[in-house]
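The structure under discussion appears below in the form of structure tokens.
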Amino acid sequence: MNNPANITHGPDLGPPGLSEARSRLASPADHTDLELFEAAGVVLALSDDQAARADARKWIEALTRKESA
């Protein structure tokens, strides 16, 4: 029997998929720094597109510098 109070995964939990991650990075004003950092990590981990991966690295570096400041 499913127990809704014990759900540990689902569409609203966990990192976004690759297309959602790309969408977040394309519209950064609509998302928090944490959402952008998470999206960049997903793109870095899942994308085969080298340009997208390079852009994701830049996002991670920029957000890390911002957090350190």
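The values are calculated or read from the model by the stated rules, or taken from the named source; none is laboratory data. Only a predicted model underlies this, so the values are computations on that prediction, with no experimental measurement involved. Glycine also receives a Cβ, built like all others from the backbone with ideal geometry; neighbour counts cover every protein chain displayed. Only protein heavy atoms, including side chains, enter the accessible area calculation; ligands, DNA and RNA are left aside. Shrake-Rupley method; radii C 1.70, N 1.55, O 1.52, S 1.80 Å.
A search for C-beta distances below 6 Å between a residue of region 28-40 that is farther than 13 Å from A56 by Cα and touching a residue at least 40 places away in the same chain (Cβ under 8 Å) and any residue that is open to solvent by less than 50 Å² (accessible area, probe 1.4 Å) and among the β-branched types (V, I, T), counting only pairs 6+ apart in sequence or on different chains, returns nothing. Counting only residues that are touching a helix residue (DSSP H, G or I) at 6+ places or on another chain (Cβ under 8 Å) and assigned to a helix (DSSP H, G or I), which one in region 24-35 is most open to solvent (accessible area, probe 1.4 Å)? Among those that are touching a helix residue (DSSP H, G or I) at 6+ places or on another chain (Cβ under 8 Å) and assigned to a helix (DSSP H, G or I), it is D30. Scanning region 36-52 for residues that are crowded, with 16+ Cβ neighbours inside 10 Å and either charged (D, E, K, R) or out of contact with any Gly (no Cβ under 9 Å at 6 or more places or on another chain) (or both) yields L36, F37, E38, A39, A40, G41, V43, L44, S47, A52. Checking each residue in region 22-55 for being of a type outside the set (A, V, I, L, M, F, W, C), within 21 Å of S68 (Cα to Cα) and over 12 Å from the mean Cα position of the chain (by Cα) picks out only D55. Just one residue in the set K66, K58 is assigned to a helix (DSSP H, G or I), at pLDDT below 90 and not aliphatic (A, V, I, L, M); that residue is K66.
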